[in-house]
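J.: Take a look at the following structure, please.
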Amino acid sequence: AAKDAGRGGYYFYETDLHAEAEARTALEQDLRSAISSGELQLFYQPVVSVATEEITGFEALLRWKHREHGWISPRTFVPLAEEKGLITLIGEWALMTACHDLAKWPENIRVAVNVSPLQFANANLPSIVMNAVAQAGIDPSRLELEITESVFLNDDGEAAAMFATLKRIGVRLVLDDFGTGYSSLSHIERAPFDRIKIDQSFVRGATHEGSRNGAIISSITSLAVALGMETTAEGVETFDELELVRRYGCSHVQGFIYEPALSPEAALQRLAGGLNAMAQGKRVARSPRESV
Ligand code: C2E
Ligand code: MG
Ligand code: MG
Ligand code: MG
């Protein structure tokens, strides 16, 4: 025991790891039953046109309401689902559900669904997508698939083939979180993206004095325009950020300045009744700045 005395920290560390592993196993079991028990839901964040300030679509975002722990973030359970091989099932459920909800919305509205790199690497993805579109009876061009650049990691040409197959189905392809991680302009050139989403870390810093993020946003949008792609600025929270991304040419914005992700019922309400009046009120109140 004496020789262990100095290793107390190590001992506790090991115990913590053990407890954490047990908690993750319990969470994994719960996640397995979450779909069938209805604990997993899709919420929808409006995507807003910069030019018209109208909703052009929604991004579907997973929400898990655990019966004991309450709301668990997808930033916690999506990585767990990927690690435990559950993401294929959850991802298929998300595609089916989002297309089903989209069928109830006006024809000019799109839905964007996040696709994990693990789903993207699965040869069944095209048939899963085709099936979701067919079951819901929607036009495939109303469905956007959001993919991050990590699909290009260790890629030996399979990504390009998958992109081509998905384009043939008629869905739109979106490069998510551009500017984080392994960003490269060659990714934009190598795949037939219809939209680039500029990561919120660029938007957040851009209004700070002396920031270079504005110049980066501006070059991404010019490149996108030249290549016929749309751009969405992610995580726009303030009026200044909205003005900035407008000035730098982003075609769409998503962010708390308009709305967070909404329940399907609330999303439908916004389509009928318009956006959160607060952001629009702010615009009107401060419109003299636009002429500056
Ligand atoms: P993401 O695809 O980049 O989604 C955008 C995240 O930014 C969402 O977080 C959204 O709620 C948040 N957000 C939106 N506007 C603002 C804002 O103005 N300010 C701030 N601070 N945040 C904002 P959420 O819903 O927690 O999702 C986190 C991530 O989890 C997503 O990032 C995505 O990578 C993943 N995820 C969510 N749903 C799915 C899914 O169905 N499948 C897969 N594979 N991943 C998903
Ligand atoms: Mg996304
Ligand atoms: Mg994103
Ligand atoms: Mg992001």
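J.: Taking amide hydrogens as modeled 1.01 Å from N in the peptide plane, which residues meet the under 5 Å criterion relative to Ser263, leaving out close sequence neighbours?
T.: For Ser263, the qualifying residues are Tyr44.
J.: For a quick check, take a GNM of the chain with Cα springs below 10 Å and name the residue from Ala98, Ala215, Ala112 with the largest mean-square fluctuation.
T.: Ala215
J.: Another question about this same structure. For Lys104, go through the aspartates and glutamates and keep the ones whose alpha-carbon is under 15 Å away, minus same-chain ones fewer than eight residues off.
T.: Asp139, Glu265
J.: Given 5 Å bins starting at zero, what is the percent of C-alpha pairs of the range 213-264 in each, up to the one with the largest pair distance?
T.: 5, 21, 29, 21, 13, 7, 3, 0
J.: For Leu268 and Arg63 in one chain, what is 0.36 nm times their gap in residues minus the Cα-Cα distance, to one decimal in nm?
T.: My answer for the length gained is 72.0 nm.
J.: Cα axis of helix 8-34 to longest principal axis of the chain: angle in degrees, 0 to 90, nearest 10?
T.: The angle comes out near 60 degrees.
J.: Rounded to whole Å, give me the distance from the Cα center of the range 126-142 to that of the range 177-248.
T.: Going from one Cα centre to the other spans 29 Å.
J.: Please compute the Cα-Cα pair-distance distribution of the range 91-142 with 10 Å bins starting at 0, giving whole percents from short to long.
T.: All Cα pairs, binned at 10 Å, distribute as 26, 57, 16, 1 percent.
J.: Quick one: Debye curve from the alpha-carbon atoms of the range 7-103 only, equal weights, vacuum; give me log10 I(q)/I(0) at q = 0.10, 0.21, 0.22 Å⁻¹ to two decimals.
T.: So the normalised log intensities are -0.39, -1.06, -1.12.
J.: By how many nm would the segment from Arg247 to Lys84 grow when fully extended, if each residue of separation counts as 0.36 nm and the alpha-carbon distance is taken off?
T.: 54.3 nm
J.: Going through the range 179-280, which chymotrypsin sites (Phe, Trp or Tyr not before Pro) have at most 10 other Cβ atoms within 10 Å and a DSSP loop state?
T.: Here the chymotrypsin sites (Phe, Trp or Tyr not before Pro) that fit, given the DSSP loop and packing criteria, are Tyr182.
J.: Which residues' amide hydrogens lie under 5 Å from the amide hydrogen of His66, considering only partners 5 or more residues apart or on another chain, with H built in the peptide plane?
T.: Trp71, Ile72
J.: Using only DSSP helix segments of four residues or longer, with each worth -39500 (n - 2.57), what per-residue ellipticity at 222 nm results for the chain after dividing by its residue count and rounding to 500?
T.: -14500 deg cm²/dmol
J.: Would you grab the residues whose amide H sits under 5 Å from the one on Ala112? Only those 5+ places off in sequence or on another chain, please, with H modelled 1.01 Å from N.
T.: Sorted by chain and number, the residues that satisfy this are Phe58, Glu59, Ala60, Glu144.
J.: Among the DSSP beta bridges whose two residues both lie in the chain, what percent are antiparallel, rounded to the nearest 5?
T.: Here the antiparallel bridges make up roughly 40 percent for the chain.
J.: How large is the Kirkwood hydrodynamic radius of the chain, in angstrom, based on all distinct alpha carbon pairs?
T.: 20.8 Å is the Kirkwood radius here.
J.: Summing +1 for each Lys or Arg and -1 for each Asp or Glu, what net charge is found among the other residues whose Cβ lies under 11 Å from the Cβ of Val115?
T.: Net local charge, Val115 excluded: -4.
Every read-out reported here was derived from the displayed coordinates using simple, explicitly stated rules and does not represent laboratory data. Nothing here was measured: the structure is a model prediction, and the numbers come from that model. Ideal geometry is used to build each Cβ from the backbone, glycine not excepted, and the neighbour counts take in all protein chains shown.
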